[in-house]
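One structure is given here, and the rest of the page talks about it.
The values are calculated or read from the model by the stated rules, or taken from the named source; none is laboratory data. What you are looking at is a predicted structure, and each value in this text was computed from that prediction instead of being measured. For neighbour counting, all protein chains shown are included, and Cβ atoms are generated from backbone atoms with ideal geometry for every residue, glycine included.
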Amino acid sequence: MQSEMIKRAKELLASGEVARVVGWKAGEFDYDITPGVFTTAEELDSAFLYNDLCEANLSKYMIAQSRKEGKTLVFLKPCDTYSFSQLLKEHRILRENVYVIGVPCDGKVDVDTVKATGLTGICSMTSDGETVTVKTLYGDSTMSKADAMSERCINCKSKKHVVYDELLGEEGDVVADNHRFDMVEKIEAMTPDERFEFWRNELSRCIRCNACRNVCPACSCEKCVFDNEQSGAFNKGASDSFEENMFHIIRAFHVAGRCTDCGECSRVCPQNIPLHLLNRKFIKDINELYGEYQAGENADERAPLNTFTTEDVEPSIVYERGGKQ
Amino acid sequence: MQVKETNEFKPKIVAFCCNWCSYAGADLAGTNRLQYPADVKIIRVPCSCRVNPMFILRAFQRGADGVILCGCHPGDCHYTTGNYYTRRRMTLLFSMLDYLGIEKERTRVEWVSAAEGAKFAATMNDFVATVTKLGENKRLEDLRCKAK
């Protein structure tokens, strides 16, 4: 797939159709893949990568790239196309300046999941699609790819590209019977005290680095309320126990109905807080109360918080359903 | 005159009331001399949909023990549709607070029209009683705000 992608990117660059290519390249370590911009064939040959470790969602970069001169070629995995489509719907990306090539994805290896198995001193990591081979300072180790994937890929919601100009590989389908709400249900089944403990334990680790906000394709406001020094919410993460809860509740609320559940927030969190569980709670509630809705799937549908019906349930329903007492 | 000091818990309640219905309803409750606890602090907003989820969280953070949001009955909004949006937003927000393990009885939405002074007083009495039973809000407060 990688050589096919490089070949196609070179063709488009050579013909002048696109001025730059947005893809993936090795970061500080070769398993630590990072997004990259390529403008020449030589750069593509030497640095461009596409393998089972390319986790990053490139759609948000298109907000800035599509405002540059000339077209930008971007490679998007199925779940990234949902974010891209949602950003189009919000008029954040200039569609005519982007050339989208859809690439297949059968789940990505998550470095944090691999590290969580206890491996240290990792030198390199390779995956052949079935097994992941990890070379460490203390010897080599292998594991099945299923064990090395993050939760978002295990419970993949769709392998279908919702928007593209060109597709490499086979078109997949929506995965209808995914189990992405299992963990949310597990938390709902706890008592309020247990739930409070669980979230205190998770959210109190927050260092307010803003990585979740910066990577989130739905968080694309030009000026964020959390950057406004006058808002009283500016950079207060470490100052008291509630502020970090507040930051995450407000952030999750702000993207409710627009979050495509791409899971980037949890991936980039340096403290490994499962932030996607907050977004999934909103998605689950919206699905249950206002009808099934997948952000980014359909450009004509109105977001659930931008619309209403006169027969909506009353907020008091929370007292009846809610979690366990 | 002697003021009796008691250690009885008095909750701090913030009530967001929409200018057109609920605020007028509160006014009517006053004109009719209906009693409701002085623990309720009313904040007037142009429409119930003016209330950002952050207002509610901020009220809790600054020491409120309960927050109630009052607006026109659905269909009667002065701005036609404002309270329909409120209804969706608050349902999701309250559900999220419950998910985080915060007592859901501390938050409430009530529709009170300008003619329902009695309902306003009854709602406030009931809400204050509920929150008093729950006691102090410990899960959402900013600890620095509490004078010890």
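Table for the structure above
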{"quantity": "Which numbered condition A:Asp182 fails, given (1) at pLDDT 90 or above; (2) surrounded by 13 or more Cβ atoms within 10 Å (Cβ to Cβ)", "calculated": "(2)"}
{"quantity": "Test: B:Asp65 is farther than 15 Å from B:Val14 by Cβ, among the acidic types (Asp, Glu) and in contact (Cβ under 8 Å) with a residue 40 or more places away in the chain", "calculated": "no"}
{"quantity": "All positions within region B:109-137 that are within 13 Å of B:Lys12 (Cβ to Cβ) and of a type in the set (Phe, Trp, Tyr)", "calculated": "B:Phe127"}
{"quantity": "Spans of strands (runs of 3 or more DSSP E) in region A:1-113 with at least 2 residues without any contact (Cβ under 8 Å) to a residue 40 or more places away in the chain", "calculated": "A:20-26, A:33-38"}
{"quantity": "Cross-chain or 6+ apart pairs with Cβ under 7 Å, region A:195-214 first and on the phi < 0 side of the Ramachandran plot, then among the hydroxyl-bearing types (Ser, Thr, Tyr)", "calculated": "A:Arg195/B:Tyr99; A:Ser204/A:Ser241"}
{"quantity": "Helices (runs of 4 or more DSSP H) (entirely within region B:1-120) containing at least 3 residues that are over 14 Å from the mean Cα position of the chain (by Cα)", "calculated": "B:22-31, B:82-99"}
{"quantity": "Positions within region B:50-62 being of a type outside the set (Lys, Arg) and without any contact (Cβ under 8 Å) to a residue 40 or more places away in the chain, in sequence order", "calculated": "B:Val51, B:Asn52, B:Met54, B:Phe55"}
{"quantity": "Selection status of A:Ile286, in contact with a Phe, Trp or Tyr (Cβ under 6 Å, 6 or more places away or on another chain) and in contact (Cβ under 8 Å) with a residue 12 or more places away in the chain", "calculated": "yes"}
{"quantity": "Among (1) among the charged types (D, E, K, R); (2) loosely packed, with under 12 Cβ neighbours inside 10 Å; (3) within 14 Å of chain B (Cβ to nearest Cβ) - the single one A:Asp173 does not satisfy", "calculated": "(3)"}
{"quantity": "Exclusive hit being under 30 Å from A:Lys7 (Cα atoms) and among the acidic types (Asp, Glu), set A:Asp128, A:Asp182", "calculated": "A:Asp128"}
{"quantity": "Residue in region A:56-78 that is among the aromatic types (Phe, Trp, Tyr), surrounded by fewer than 21 Cβ atoms within 10 Å (Cβ to Cβ) and under 25 Å from A:Ser266 (Cβ atoms) present", "calculated": "yes"}
{"quantity": "Some residue of region A:123-143 being loosely packed, with under 13 Cβ neighbours inside 10 Å, polar (S, T, N, Q) and touching a residue at least 24 places away in the same chain (Cβ under 8 Å)", "calculated": "yes"}
{"quantity": "Unmet requirement for A:Cys269, which otherwise passes all of (1) without any contact (Cβ under 8 Å) to a residue 12 or more places away in the chain; (2) surrounded by fewer than 22 Cβ atoms within 10 Å (Cβ to Cβ)", "calculated": "(1)"}
{"quantity": "Pairs, first within 7 Å of another protein chain (Cβ to nearest Cβ) and surrounded by 15 or more Cβ atoms within 10 Å (Cβ to Cβ) in region A:294-320, second among the β-branched types (Val, Ile, Thr) and not in a helix (DSSP H, G or I), C-beta under 6 Å, six or more apart", "calculated": "A:Pro315/B:Val109"}
{"quantity": "Members of region B:58-82 found to be at the interface with another protein chain (Cβ under 9 Å from one of its Cβ atoms) and either within 27 Å of B:Ala24 (Cβ to Cβ) or surrounded by fewer than 20 Cβ atoms within 10 Å (Cβ to Cβ) (or both), listed by number", "calculated": "B:Arg58, B:Phe60, B:Leu69, B:Pro74, B:Gly75, B:Thr81"}
